[in-house]
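This report concerns only the one structure given below.
The values are calculated or read from the model by the stated rules, or taken from the named source; none is laboratory data. The model shown is predicted, which means the values in this text are computed figures rather than measured ones. Positions of Cβ are backbone-derived with ideal geometry, glycine not excepted, and every protein chain shown enters the neighbour counts.
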Amino acid sequence: MANSKYEYVKSFEVEDEIFSPNLLVVRIHGRDFQRFSHDHGFEKPNDERALNLMNTCAVAVLEEYPDIVFSYGYSDEYSFVFKNTSKFYQRRASKILSLIVSFFTSVYVTKWKEFFPLKEFRYPPSFHSRVISCASIEVLQQYLAWRQNDCHVNNQYETCLWMLIKHGKSENEAQEILKGTQKQEKNELLFQQFGVNYKKLPEMFRQGSCVFKTEMEDIVKYNENGAPVKRLRRKARIVHSENIAGKSFWNAHSCLLKELGRFDEDVGKIKPDYVRSFVFENKLIPSTWIVIRIDGCHFHRFSEVHEFDKPNDEQALNLMNSCAVAVLEEFEEITFAYGVSDEYSFVLKNASMFYQRQASEIVSVIVSFFTSMYVVKWKEFFPQKKLKYPPYFDGRAVCYPSSDIIRDYLAWRQVDCHINNQYNTCFWMLVKSGKSKSEAQGCLKGTQAREKNELLIQKFGIDYSKLPLMFRQGSSIFRAKMEKSAASENKSSVEKVRNKVLVSHCNIIEPSFWIAHPSILNEEPPL
Ligand code: GTP
Ligand code: MG
């Protein structure tokens, strides 16, 4: 297909490969889950159903991605470890962290009802994610020890805190009592004041959960004599263990040894320098415009399985738009969004300090929130269609140095929309009229825009320029400054100016759009 003069904007995209032999770990954790768990009535300090839901999502992740061989989670977090030879998506960090968090979110929302049959979402959950790169198996071991130690420390603290609160203390009083206490003291407090033996509490609460694959014999069929035919199959299973970073646990599992390597020593003290590397996050260049572009993963198949209209399914596009509106309503920092097909670009202003400009935080939160909305809103747009499997998206962040270049970026996407839509409209009309897919491709090879328009008019009586604007120009989302009229009893006053999020299908290549809406891209002083 033709290149447009805007394609140069692609050169701002940067590589983010995690090179071998670094081990790849993706950690996800709930966004604002303190509030989410409170608003959804989770039991404190541990809600078994919520933890089981997290574990189920982790099992789904391991089953979906064969390269992930081990995972460990507690509370609202999970870490996924890739095998050392993984070439998953060319080891591109942003791609990997975004699609894992999106898939996890999608499964979480899809399976919610199985675990909380009587609870509706008050709002959709979302997760953060990041990639941790471990330079050696020893570093991975330290990482796992660090996460499990956090689980131990947090769980013991939270258990004490909530016992004190349940027995009449205020949250502040309980915090005051626990200030500076050591492990031993907390255990004693639990035992002496409440008769609770900490060691007897459920393993899942104290130790967290591991999911990894073990080889199991499965009966695949029975032969003519009725004897079972067995085959070794790898199956994800949930395990609890006191010390996941210990030699005795790790080295006992052949899959872990084979795909990741052996632990030579037990972990002593966790090295602070290693922890610094685990919490380090890259920041996007200051004073640049940020675009987060998300794109449906394998939507070719998803749209087939869910029988979307070809080439454009109005409801599918409306669903995408509705999710993007929700993103702009949730994140005030996003000034503009443009969407077409299974993709959406979200623009943040150059002065934005959203998540301190940490790339993985911004990408993961937007992609996860969008996915959550997509699954939650599915029924609203497709009341007759069941969601057959969890849809998910990937995302990336790209920085652009000026508002002119951001406009070129958006123009690039809109030109792409136009080129693809015109091609697809012709292609599917030819196929619907009886041509095979390869014949249709042959007919269209090398044709220019004008020839395609003529083909549509002459063969099918379709005036391309009369097709819905949403199909031809994609969807733009932004805030319009509106003055809301006052309530009837107070007609003379004007309510405060409100920003309403609008969807429009306008031409964003023309400068006139940007002149008419100066607040969208007004540059702010460099930092
Ligand atoms: P990856 O993004 O690389 O995972 O592949 P993908 O299969 O998602 O394809 P890509 O993102 O390149 O293109 C989006 C695909 O989604 C299109 O090729 C279509 O197959 C499908 N799609 C998107 N919107 C619609 C729609 O409205 N109707 C139909 N029928 N298909 C759509
Ligand atoms: Mg796609």
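Brief remarks on what is shown
- So Val196, is it in contact (Cβ under 8 Å) with a residue 40 or more places away in the chain and β-branched (Val, Ile, Thr): no
- Boolean, Gly339 is of a type in the set (Gly, Ala, Ser), in contact with a Ser or Thr (Cβ under 6 Å, 6 or more places away or on another chain) and more than 10 Å from ligand 1 (Cβ to nearest atom): yes
- Of Tyr374, Tyr355, all but one fail to be aromatic (Phe, Trp, Tyr), within 16 Å of ligand 2 (Cβ to nearest atom) and buried (at least 19 other Cβ atoms within 10 Å of the Cβ); the exception is Tyr374.
- A Cβ distance below 9 Å, combined with a sequence gap of six or more or placement on separate chains, defines the contacts here; from the stretch 272-300, residues that are acidic (Asp, Glu) reach residues that are within 16 Å of ligand 1 (Cβ to nearest atom) in the pairs Asp295/Ser341; Asp295/Asp342; Asp295/Glu343; Asp295/Tyr344; Asp295/Phe393; Asp295/Asp394; Asp295/Gly395; Asp295/Arg396.
- Qualifying positions in the stretch 172-193 - part of a helix (DSSP H, G or I) and either of a type in the set (Gly, Ala, Ser) or without any contact (Cβ under 8 Å) to a residue 24 or more places away in the chain (or both): Asn172, Glu173, Ala174, Gln175, Glu176, Ile177, Leu178, Gln184, Glu185, Glu188, Phe191, Gln192
- Restricting Val131, Val101 to residues that are in contact with a strand residue (DSSP E or B) (Cβ under 9 Å, 6 or more places away or on another chain) and over 23 Å from Arg35 (Cβ atoms) narrows the list to Val131.
- Total residues in the stretch 398-435, condition within 35 Å of the chain's Cα centre (by Cα), among the β-branched types (Val, Ile, Thr) and surrounded by fewer than 20 Cβ atoms within 10 Å (Cβ to Cβ): 3
- Among the conditions (1) more than 38 Å from the chain's Cα centre (by Cα); (2) among the hydroxyl-bearing types (Ser, Thr, Tyr); (3) exposed (fewer than 14 other Cβ atoms within 10 Å of the Cβ), Ser438 misses just one, which is (1).
- Subset of the stretch 218-267 (residues that are touching a strand residue (DSSP E or B) at 6+ places or on another chain (Cβ under 8 Å) and basic (Lys, Arg)): Lys221, Lys230, Arg231, Arg233, Arg234, Lys235, Arg237
- In the stretch 116-144, of all residues being assigned to a helix (DSSP H, G or I) and out of contact with any Asp or Glu (no Cβ under 9 Å at 6 or more places or on another chain), the one that is surrounded by the fewest Cβ atoms within 10 Å (Cβ to Cβ) corresponds to Val139.
So that you can scan it fast, the table gives a plain yes or no per residue for (1) within 16 Å of the chain's Cα centre (by Cα); (2) within 28 Å of Ser254 (Cβ to Cβ); (3) touching a residue at least 24 places away in the same chain (Cβ under 8 Å):
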site: Val107; (1), (2), (3): yes, yes, yes
site: Lys113; (1), (2), (3): no, no, no
site: Cys134; (1), (2), (3): no, yes, yes
site: Leu140; (1), (2), (3): no, yes, yes
site: Tyr143; (1), (2), (3): no, yes, yes
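- For the stretch 61-73, a tally of residues being assigned to a helix (DSSP H, G or I) and either crowded, with 21+ Cβ neighbours inside 10 Å or in contact with a strand residue (DSSP E or B) (Cβ under 8 Å, 6 or more places away or on another chain) (or both) returns 3.
- Per-region count, the stretch 168-180, residues loosely packed, with under 15 Cβ neighbours inside 10 Å and within 21 Å of Arg206 (Cα to Cα): 3
- Filter result (within 6 Å of ligand 1 (Cβ to nearest atom) and among the aromatic types (Phe, Trp, Tyr)) within the stretch 280-327: Phe299, Phe308
- Hey, Val415 hydrophobic (A, V, I, L, M, F, W, C), touching a Lys or Arg at 6+ places or on another chain (Cβ under 7 Å) and within 22 Å of Val340 (Cβ to Cβ) or not: no
- Criterion (more than 16 Å from ligand 2 (Cβ to nearest atom) and buried (at least 22 other Cβ atoms within 10 Å of the Cβ)) met by exactly one of Ser345, Ser364: Ser364
- Restricting attention to the stretch 379-397, the residues being surrounded by fewer than 21 Cβ atoms within 10 Å (Cβ to Cβ) and acidic (Asp, Glu) number 1.
- Yes/no for Leu97 being at pLDDT 95 or above, crowded, with 19+ Cβ neighbours inside 10 Å and under 18 Å from His128 (Cα atoms): yes
- Matching entry among Asn155, Asn149 (being closer than 16 Å to Ile270 by Cβ and over 24 Å from the mean Cα position of the chain (by Cα)): Asn149
- Residue list for the stretch 312-337, filter: away from ligand 2 (no atom under 16 Å from the Cβ), acidic (Asp, Glu) and not in a helix (DSSP H, G or I): Glu332, Glu333
- So Val229, is it exposed (fewer than 14 other Cβ atoms within 10 Å of the Cβ) and of a type in the set (Val, Ile, Thr): yes
- Matching residues in the stretch 338-366 - criterion: being assigned to a loop (DSSP other than H, G, I, E, B) and closer than 19 Å to Ser129 by Cα: Met353
- Within the stretch 272-311, the residues that satisfy the criterion of being within 15 Å of ligand 2 (Cβ to nearest atom) and among the small types (Gly, Ala, Ser) are Gly296, Ser303.
- Matching residues in the stretch 354-412 - criterion: being hydroxyl-bearing (Ser, Thr, Tyr) and away from ligand 1 (no atom under 16 Å from the Cβ): Tyr355, Ser360, Ser364, Ser368, Ser372, Tyr400, Ser402, Ser403, Tyr409
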